[in-house]
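S.K.: Structure below; questions to follow.
The values are calculated or read from the model by the stated rules, or taken from the named source; none is laboratory data. Just so we're clear, the structure is a prediction, and the values are computed from it rather than from any experiment. Glycine gets a Cβ as well: all are built from the backbone with ideal geometry, and neighbour counts include every protein chain shown. Keep in mind that these areas ignore ligands, DNA and RNA; they rest on the heavy atoms of the full protein, side chains included. Shrake-Rupley method; radii C 1.70, N 1.55, O 1.52, S 1.80 Å.
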Amino acid sequence: MPALIFDCDGVLADTEQYGHLPAFNQTFTDFGVPVQWSVGEYAEKVKIGGGKERMRSILTPDLAASLGLQDDDAVDAAILSWHKRKTEVYKGLVESGVMPARPGIARIVQEAHDAGWTLAVASTSAEPAVRAVLTHAVGEELAAHFSLFAGDVVPAKKPAPDIYLLALSELGVSADDAMVVEDSGNGLRAAVGAGLRTVVTVSGFTREEDFTGASLVVSSLGDADGEQTEVLADPHGARPSGVVTLATLQTLLSAPAPTSATIETENP
């Protein structure tokens, strides 16, 4: 049976602005780091794959010295401590319910599970945080059927394809039998680099990004009794009406797979 692989942040729930951003800022406060990201500043930081990598980006030589981080070992240790605290804060925000699941997530997961599809999440976020978001978004019963690939399990994070190549290998499925749901240009490039067909559900931070190579670009997966799907790009004529269904994904799996060469050709 096919596999349905989700990114986490911005796909399962609107996590970036209402979860990760306040968690980063709270962590900086807790550790006496004189940095507080605005929404606009964080919109740039989300282009960096991985929370520890985003934290590292603030450490200019002057800031590191002012914090008493005199060498690379001290910086590495500080980043690990900060990130551990940030994950704790973030999990608390998830469990408080401030980040509802994105439209259509619970529905499409139930449809895929009932049809016997393999379910997985592939994310650059820390595994405990991903598990918390997944459980909150689809419930404990469905979450138990997911394989999780997250955090530092691969050497290179998105836009490198490593996390998706690992998922395919561990799940035992080919790229032709897997569909990805992503929300960002980096995530799309990672999926395409692994030869995967990808549905992009744009988020507030990513709507204006370049999604060349996506099989379908929509505002969300949609719910029949809630937010309806707005189609932003439909190169293969899938034509979802109101919601993206499992039948939509089956249609897309029959379409030609994108390649990195295609993206490079269309974006010289």
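S.K.: Can you pull out the residues in segment 89-108 that are in a helix (DSSP H, G or I) and surrounded by fewer than 16 Cβ atoms within 10 Å (Cβ to Cβ)?
M.R.: Within segment 89-108, Gly92, Glu95 qualify.
S.K.: Just give me the residues in segment 109-124 being in a helix (DSSP H, G or I), in contact (Cβ under 8 Å) with a residue 40 or more places away in the chain and open to solvent by 10 Å² or more (accessible area, probe 1.4 Å), in sequence order.
M.R.: Residue satisfying the conditions is Glu111 alone.
S.K.: Applying the selection to segment 38-69, what residues are polar (S, T, N, Q) and either buried (at least 17 other Cβ atoms within 10 Å of the Cβ) or under 25 Å from Ser184 (Cα atoms) (or both)?
M.R.: Of everything in segment 38-69, those that are polar (S, T, N, Q) and either buried (at least 17 other Cβ atoms within 10 Å of the Cβ) or under 25 Å from Ser184 (Cα atoms) (or both) turn out to be Ser38, Ser57.
S.K.: Please go through segment 233-268 and pick out each residue that is open to solvent by 50 Å² or more (accessible area, probe 1.4 Å), of a type outside the set (Gly, Ala, Ser) and at pLDDT 75 or above.
M.R.: Pro235, His236, Arg239, Gln250, Thr251, Pro256
S.K.: Does Ala129 meet the test of being assigned to a helix (DSSP H, G or I) and touching a residue at least 40 places away in the same chain (Cβ under 8 Å)?
M.R.: Against the criterion (assigned to a helix (DSSP H, G or I) and touching a residue at least 40 places away in the same chain (Cβ under 8 Å)), Ala129 qualifies.
S.K.: Follow-up question, since we're still on this one. Please work out if Thr198 is crowded, with 17+ Cβ neighbours inside 10 Å, of a type in the set (S, T, N, Q) and at pLDDT 95 or above.
M.R.: Against the criterion (crowded, with 17+ Cβ neighbours inside 10 Å, of a type in the set (S, T, N, Q) and at pLDDT 95 or above), Thr198 qualifies.
S.K.: Note down all Cβ pairs under 6 Å where the first residue falls in segment 183-197 and is under 14 Å from Ala3 (Cα atoms), the second is surrounded by 24 or more Cβ atoms within 10 Å (Cβ to Cβ) and polar (S, T, N, Q), and they're at least six residues apart or on different chains.
M.R.: Between residues of segment 183-197 that are under 14 Å from Ala3 (Cα atoms) and residues that are surrounded by 24 or more Cβ atoms within 10 Å (Cβ to Cβ) and polar (S, T, N, Q), the close pairs are Ala191/Thr198; Arg197/Ser215.
S.K.: Between Val11, Val35, which is in a loop (DSSP other than H, G, I, E, B) and open to solvent by less than 10 Å² (accessible area, probe 1.4 Å)?
M.R.: None of the others qualify; the one that does is Val11.
S.K.: Among the listed residues Leu21, Leu59, which satisfies the condition of being within 17 Å of Ala126 (Cβ to Cβ) and either not small (Gly, Ala, Ser) or not in a loop (DSSP other than H, G, I, E, B) (or both)?
M.R.: Only one candidate passes the filter, namely Leu21.
S.K.: I'd like to verify a number: residues in segment 210-258 that are touching a helix residue (DSSP H, G or I) at 6+ places or on another chain (Cβ under 7 Å) and not β-branched (Val, Ile, Thr), how many?
M.R.: Here the count works out to 14.
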